[in-house]
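The values are calculated or read from the model by the stated rules, or taken from the named source; none is laboratory data. Note that the coordinates shown come from a computational prediction; the quantities given were computed from them, not determined experimentally. In this analysis, Cβ positions are derived from the backbone assuming ideal geometry, glycine residues included, and neighbour counts consider all displayed protein chains.
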Protein chains: 4
Amino acid sequence: MTDPAHPVDLITEVTLRYSDLDPLGHLNNAVYATLFEAGRVDFVERELASALTPAFGFVLARIEIDFRAEGHFPGMARIETGIARIGRTSMDFDQKVTLEGRELAAARSVCVLLDLRLRAPAPWPEDARAVLKDWLGRR
Amino acid sequence: MTDPAHPVDLITEVTLRYSDLDPLGHLNNAVYATLFEAGRVDFVERELASALTPAFGFVLARIEIDFRAEGHFPGMARIETGIARIGRTSMDFDQKVTLEGRELAAARSVCVLLDLRLRAPAPWPEDARAVLKDWLGRR
Amino acid sequence: MTDPAHPVDLITEVTLRYSDLDPLGHLNNAVYATLFEAGRVDFVERELASALTPAFGFVLARIEIDFRAEGHFPGMARIETGIARIGRTSMDFDQKVTLEGRELAAARSVCVLLDLRLRAPAPWPEDARAVLKDWLGRR
Amino acid sequence: MTDPAHPVDLITEVTLRYSDLDPLGHLNNAVYATLFEAGRVDFVERELASALTPAFGFVLARIEIDFRAEGHFPGMARIETGIARIGRTSMDFDQKVTLEGRELAAARSVCVLLDLRLRAPAPWPEDARAVLKDWLGRR
């Protein structure tokens with residue numbers, strides 16, 4: 001049973017735009033990369049930022065996207081963002097984009113924590129790792 | 001006094017995205033063109049579509065944008081869209097983008113009604129003209 | 001030895017834009033999705049279009065992107081597009097984006113041939129399959 | 001007569017992308033804002049950067065765009081950028097986008113020189129003003 005105070009995924013909502021459409025009248029595939037990014041940025045801001053100093057940043061190392069259905073306009077895309085793996089200096093996001101309850105695309109991505117001063121991967125600070133472990137445990 | 005059932009401007013809300021930011025950390029200027037377009041498309045869908053057959057389309061002939069303040073992320077942009085002029089085959093939109101009550105940009109644009117079959121400007125059908133006149137009268 | 005008349009990959013060049021940059025001054029990750037798309041569209045236009053009637057279209061079913069280095073502005077991105085697999089109704093693209101000789105990202109994607117009238121996957125016409133086989137054989 | 005060593009406008013070429021297209025198969029209007037920006041950034045980099053320290057930046061205060069013809073894909077957009085006015089702390093750009101010799105859009109914009117430390121408009125340094133005067137004189 002899902003505890004509403006501890007959801008499995010963090011939810012981010014993003015308004016779709018007319019300019020997201022391609023000549024076939026569907027959401028362009030690069031828009032999904034933007035929507036998944038919106039979800040990851042939201043996760044970092046709401047869940048991790050308080051456990052990290054401004055000396056840290058994130059870099060996307062890899063992303064896999066499966067396109068499941070054509071996205072239409074107008075609408076409010078719903079991005080579900082969960083944690084699927086915690087590494088020494090990285091984490092895997094597991095994400096979905098849905099529109100009116102229909103899954104449009106799913107993504108798995110690898111993000112690396114960066115020490116912005118050294119421009120090098122950094123091990124997770126203990127507080128940040130605790131937050132990630134909590135989210136990982138909900139799945 | 002404003003009649004809440006007949007607002008002066010139609011309101012459209014659009015979630016800002018991390019990808020809207022430029023290297024200075026502000027909303028890129030082209031994003032405003034996209035936000036104003038979102039407001040115009042919303043106006044056409046909600047106010048004009050029922051008075052027009054699918055044989056009609058719109059083309060943007062001209063836009064003037066005044067940038068008033070730097071836009072930040074995250075946030076929900078609010079686009080206010082009103083009618084400033086009605087021509088024989090065109091109309092002028094008068095628009096504003098605000099973020100948390102602060103005006104970021106204002107735009108005036110000329111849109112032309114198009115007969116999609118003839119690919120030529122078309123005079124307003126009477127019903128559509130009546131809708132536009134009502135909006136123009138609120139200002 | 002590479003035969004210059006039969007290169008291993010089709011080359012597409014795309015000018016980078018200031019608006020491609022994110023707040024860190026690097027190419028935004030969604031821009032790579034757009035660049036890889038530019039390469040695939042170019043491949044289809046130059047290599048496959050003459051072997052396909054307008055009744056066919058393509059849909060991207062899956063993409064994996066590995067980000068290898070940060071992309072800077074200004075510059076001309078070079079997209080290398082090759083064929084890695086031919087299915088009954090699909091193909092895999094194998095792609096790279098380089099900038100001044102440096103690899104920025106690599107992608108593997110699955111594209112499905114679509115019968116636009118039936119909105120369903122379609123087996124490759126013989127001429128199109130022959131083109132794809134030729135490209136696959138160069139690797 | 002135009003002196004080829006002193007052209008009237010600075011030329012910037014930008015590859016169009018499939019993702020620039022809207023559902024009608026034309027270049028989306030916001031893409032023009034991006035192309036005009038590409039021309040202005042190119043002008044600043046090639047003509048003004050050496051006359052300005054990194055303490056200076058630019059902010060776009062206003063833009064007017066006239067859309068003259070529908071833009072198609074694929075193609076290489078050509079942006080022509082000239083100087084139409086020099087103010088105490090600002091300048092007006094006069095620009096055009098053409099595709100295969102056909103004018104698609106024209107823009108007039110106001111850019112303000114910014115002292116990035118003070119976050120306030122700054123009078124033109126003498127060297128920068130001399131460059132702008134030279135370009136203004138060519139028109």
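Screening C:A30 against (1) touching a helix residue (DSSP H, G or I) at 6+ places or on another chain (Cβ under 6 Å); (2) assigned to a strand (DSSP E or B) leaves a single unmet condition, (2).
Of the residues making up the stretch C:97-122, those that are in a strand (DSSP E or B), more than 15 Å from C:G75 (Cβ to Cβ) and in contact (Cβ under 8 Å) with a residue 12 or more places away in the chain number 11. D:F36 meets the conditions (1) exposed (fewer than 14 other Cβ atoms within 10 Å of the Cβ); (2) within 21 Å of B:D20 (Cβ to Cβ) in every case but one. The failed one is (1).
Of all the criteria given as (1) among the hydrophobic types (A, V, I, L, M, F, W, C); (2) crowded, with 23+ Cβ neighbours inside 10 Å; (3) closer than 27 Å to C:K133 by Cα, the one not satisfied by C:V44 is (2). For the stretch D:55-77, the tally of residues that are more than 28 Å from D:L118 (Cβ to Cβ) and at the interface with chain B (Cβ under 7 Å from one of its Cβ atoms) stands at 4. Within the stretch D:11-32, the set of residues being polar (S, T, N, Q) and more than 7 Å from every other protein chain (Cβ to nearest Cβ) comprises D:T12 only.
Do we have A:I83 as over 30 Å from C:L114 (Cα atoms) and either more than 10 Å from chain C (Cβ to nearest Cβ) or not in a strand (DSSP E or B) (or both) here? Yes; evaluated as a whole, the condition is true for this residue. The test for being out of contact with any Gly (no Cβ under 6 Å at 6 or more places or on another chain), modelled with pLDDT under 95, surrounded by fewer than 19 Cβ atoms within 10 Å (Cβ to Cβ) and more than 13 Å from chain B (Cβ to nearest Cβ) holds for D:L52. Which residues, counting only those in the stretch A:1-22, are surrounded by fewer than 15 Cβ atoms within 10 Å (Cβ to Cβ), free of Cβ contacts under 8 Å to residues at least 40 places away in the same chain and either in contact with a helix residue (DSSP H, G or I) (Cβ under 9 Å, 6 or more places away or on another chain) or hydroxyl-bearing (S, T, Y) (or both)? Matches in the stretch A:1-22: A:T2 only. Summed over the stretch C:100-135, the residues that are small (G, A, S) and touching a Ser or Thr at 6+ places or on another chain (Cβ under 8 Å) give a count of 1. In the stretch B:1-27, how many residues are of a type outside the set (S, T, Y) and either in a strand (DSSP E or B) or under 18 Å from the mean Cα position of the chain (by Cα) (or both)? Residues that pass the stated criteria total 11. A single member of B:E64, B:E70 is part of a strand (DSSP E or B) and surrounded by fewer than 17 Cβ atoms within 10 Å (Cβ to Cβ), and it is B:E64. Do we have C:R46 as assigned to a helix (DSSP H, G or I), under 20 Å from D:Y18 (Cβ atoms) and touching a Cys at 6+ places or on another chain (Cβ under 8 Å) here? Judged against the criteria, C:R46 is not a match. Could you tell me whether B:R119 is farther than 14 Å from B:L52 by Cα and over 17 Å from the mean Cα position of the chain (by Cα)? It is true that B:R119 is farther than 14 Å from B:L52 by Cα and over 17 Å from the mean Cα position of the chain (by Cα). Being within 14 Å of chain B (Cβ to nearest Cβ), within 19 Å of D:V8 (Cβ to Cβ) and of a type in the set (D, E) is not true of D:D42. Reported count of residues in the stretch B:123-139, each being in contact (Cβ under 8 Å) with a residue 40 or more places away in the chain and not in a helix (DSSP H, G or I), is 3.
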